[in-house]
1. If you take the C-alpha gyration tensor of region 288-335, multiply each eigenvalue by 5 and take the square root, what semi-axes do you get, largest first, in whole Å?
2. Along Cα→Cβ, 7 Å out, is where each label goes; now give me the distance between the ones at TYR305 and PHE17 in nm to one decimal.
3. For the chain, evaluate the Debye formula with one uniform point scatterer on each Cα (no solvent term) and list log10 I(q)/I(0) at q = 0.08, 0.12, 0.16 Å⁻¹, rounded to two decimals.
4. Quick one, what does Rg over Rh come out to for region 41-101 if you take C-alpha atoms and the Kirkwood Rh?
5. Between LYS77 and ARG116, what is the label-to-label distance in nm when each label sits 7 Å out along the Cα-to-Cβ direction?
6. Kindly provide log₁₀ I(q)/I(0) values, in the same order as q = 0.21 Å⁻¹, from the Debye equation applied to equal alpha-carbon scatterers of region 8-151.
7. Taking the Cα atoms only, what angle lies between the long axis of helix 90-99 and the longest principal axis of the chain, rounded to 10 degrees?
8. What is the magnitude of the charge dipole of region 104-223 about its Cα centre, with +1 placed on the Cβ of each Lys and Arg, -1 on the Cβ of each Asp and Glu, and no other charges, expressed in debye to the nearest 20?
Amino acid sequence: MSNNKYLVEVENLQKWFPTRRTMGEVFKGQQRYVKAVDGVSFKIERGEIFGLVGESGCGKTTTGKLIMKLLDPTGGKLIFDADDVTHLDKVGLDTYRQNVQMVFQDPYASMNPRFRLRDVLEEPLIIHKKGGTKAERMEMVKKALNEVRLQPPEEFMVRFPHMLSGGQRQRGATARSLILNPKMIVADEPVSMIDLSTRAEILHMMKTVQRELNLTYLYITHDLSTARYFTDKIAVMYLGKIVEMGVPNDVIDNSFHPYTKALITAVCEPIAGKVNRIKEVPIKGEVPSAENIPQGCRFHPRCPYAIKECWEKEEPVLEEVEKGHFVACRRYKEI
Ligand code: SF4
């Protein structure tokens, strides 16, 4: 293991998807792109929970897939544990996948319905040739089920996915992600399909496991209220770029970017003992298409504070406005 403080370093990561070309574009040799991720940079410390937050279509899931290496980037760099993993061959990918595991939004869809839970958990061990004998593999399965508090493990191992509640299935999915002893877990909306009453319980379990095993999480969500509770650092994404980043108290209670303010005021979350002092930000219209990103500040068509400079000058970059608090807005002091 490297001594580097950061487990993940993302530098100017891009994922552009080419669109279908019209006849005119074919003759002119032109190609348009949907810029799902358009120059994203951040670092995740070892043992940290880093949250990527934003509306649907902001690029957070594509960023997660790039970090999981389910997609190849169009540009930029991805460093994991001090190694450049931007482009990996099959052997490199195999090792990387053992170190970085994923928890999906829908645990039911990610499990073979004909497999008992013990088979679901044993499968990655067989694929990655871990655990010598069947008995050793079953011991590893029991250990993982104990870690996610599916106890007694013998009782849950024989159940099929449909015999588990939503919360138990997500615990099972988390156990599967832990079985290869990874360094990092990418959790994409892990509680959005679970009953409200069980969400806090699952997030608490994930946090306990993270502390016990000193894991690093990338937590992807549209839900600022769970991000506040669960993460150590938050990055807010808009149209393929990060617009604000910092610790939850700064980003949520002391936000500077108009888009973050609008997201916060859209969440009607009463916070015990706190007065929500962020005044409502009336943003206009819908998120523009990632195929047609506005020039200048990409938020300007929706921003109530936009002035001529915002679309005439170059796009504002993330700058550190307070210690550890980054914002991409040239007018953050005035609004
Ligand atoms: Fe709004 Fe201008 Fe700031 Fe962009 S740079 S968020 S348009 S005020």
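1. 20, 13, 9
2. 3.3 nm
3. Here log10 of I(q) over I(0) equals -0.42, -0.90, -1.38.
4. 0.95
5. Computed distance between label sites LYS77 and ARG116 equals 5.0 nm.
6. For the requested q values the scattering log ratios are -1.32.
7. Tilt relative to the chain: about 80 degrees.
8. I would put it at about 360 debye.
Read-outs throughout are calculated quantities, based only on the coordinates presented, and are distinct from any laboratory measurement. All values derive from a computational prediction rather than experimental measurement. Note: ideal-geometry Cβ built from the backbone for every residue, glycine included; neighbour counts use all protein chains shown.
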